[in-house]
1. So which helices (runs of 4 or more DSSP H) stay within the range A:1-72 end to end and still have 2 or more residues that are within 11 Å of another protein chain (Cβ to nearest Cβ)?
2. Among the residues of the range B:6-23, write down those that are in a helix (DSSP H, G or I) and either modelled with pLDDT of 95 or more or away from chain A (no Cβ under 11 Å) (or both).
3. Given (1) modelled with pLDDT of 95 or more; (2) crowded, with 21+ Cβ neighbours inside 10 Å; (3) farther than 21 Å from A:GLY78 by Cα, identify the lone condition not met by B:LEU54.
4. Of the conditions (1) of a type in the set (S, T, N, Q); (2) more than 11 Å from the chain's Cα centre (by Cα); (3) within 14 Å of chain B (Cβ to nearest Cβ), A:SER80 satisfies every one except a single condition; which number is it?
5. Only residues in the range A:22-38 that are within 14 Å of A:ALA132 (Cβ to Cβ) and free of Cβ contacts under 8 Å to residues at least 60 places away in the same chain count as the first member; pair them with residues that are hydrophobic (A, V, I, L, M, F, W, C) and not in a helix (DSSP H, G or I), Cβ under 7 angstrom, at least 6 apart or cross-chain, and list the lot.
6. Can you name every residue in the range B:31-52 that is within 12 Å of another protein chain (Cβ to nearest Cβ) and touching a residue at least 60 places away in the same chain (Cβ under 8 Å)?
7. For the range B:118-128, state whether one or more residues are closer than 24 Å to A:GLN21 by Cα, of a type outside the set (Phe, Trp, Tyr) and more than 12 Å from the chain's Cα centre (by Cα).
8. What residue, of B:LEU87, B:LEU138, is at pLDDT 95 or above and outside any loop (DSSP other than H, G, I, E, B)?
Amino acid sequence: MQRQVALIKQSLFDQGYLDEQFMELEELQDDANPNFVEEVSALYFKDSARLINNIDQALERGSFDFNRLDSYMHQFKGSSTSIGASKVKAECTTFREYCRAGNAEGCLRTFQQLKKEHSTLRKKLEHYFQLARQAGPKETARRPK
Amino acid sequence: MALRDLSSSSSSPELHVLAVDDSFVDRKVLERLLKISACKVTTVESGTRALQYLGLDGDNGSSGLKDLKVNLIVTDYSMPGLTGYELLKKIKESSALREIPVVIMSSENIQPRIEQCMIEGAEEFLLKPVKLADVKRLKELIMRGGEAEEGKTKKLSPKRILQNDIDSSPSSSSSTSSSSSSHDVSSLDDDTPSSKRIKLESRG
């Protein structure tokens, strides 16, 4: 089963959902902190759900305060970078470019895409962590005991 | 290997680091990075809270300061309210706190911003996402700077100059730039973070 877990993780990297930062985080796990990445991930999704909500509301209001939107997206990009959420991060970058160009249409379109990527990643990571827990002691804890 | 040594070493004193970042995720990651590096960590979510903790907000008496003994402040640059740069300035303006090294983190690699921070007296400027290697290097830098601090009163003596040739810690050089002229090799006002890193790396 550990092999299955490893394969799932590999595919997440291969398909570009995660980047090396995720691996950096895994390096920080040890026997005393075996679920660190899962905890960070949970924190990230909780935090980003809040940001998505704020952005949704701002966009629904119809008023395009590009500065405010850019500010939200700066935060979103920041935490996405910290966890290695590669595709989400890319959408954040695109969104910010549209903000700077004052392109409302582009923002809206990108935001829909961003939410999709975010949701997909969430599901995939939940699945991955669930399996990893079932598989037992993580192979990924590389720090020597 | 090296990580084990750091956490089990009883000879090196524990650094107390104040980590300032408005992002939950980044605070959690930074805390973990610092703890792995055998540092004691206090995290706060804003520059204002950081100043409160350091006893600079005016409400607390200075008596609280002696118990806190923060050895290093690591702060994000872009934060709502007080930015990391403004926090840096306030710390360097304080006679009580200016000796504490301050490191700025940012996700944006903006050269003027980096220079601005270094000129204001920042110890280092780290690009996010911060990695374990960055924290390790930082810790070494600060520990070595701590040794230099002890001999501060002898700063201008020949022995100290030799020490400072290999010591890359600025030790509040921004306010004492005239005396740093005696530290030929470490003309720290001109240093950029990248050249500092090169210096460290070349010493192995």
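1. Because the criterion is at least 2 residues that are within 11 Å of another protein chain (Cβ to nearest Cβ), the helices (runs of 4 or more DSSP H) in the range A:1-72 that meet it are A:20-26, A:36-60.
2. B:LEU6, B:SER8
3. (1)
4. For A:SER80, the failing item is (2).
5. Listed by first residue and then by second, the contacts come to A:PHE36/A:LEU28.
6. Hits for the range B:31-52 are B:LEU33, B:LEU34, B:ILE36, B:SER37.
7. Looking for residues that are closer than 24 Å to A:GLN21 by Cα, of a type outside the set (Phe, Trp, Tyr) and more than 12 Å from the chain's Cα centre (by Cα), one finds at least one in the range B:118-128, hence yes.
8. Exactly one residue qualifies, and that residue is B:LEU87.
The values are calculated or read from the model by the stated rules, or taken from the named source; none is laboratory data. As the structure is a prediction and not an experimental result, all values here were calculated from the model. All Cβ positions, even for glycine, are placed from backbone atoms using ideal geometry, and neighbour counts span all protein chains on display.
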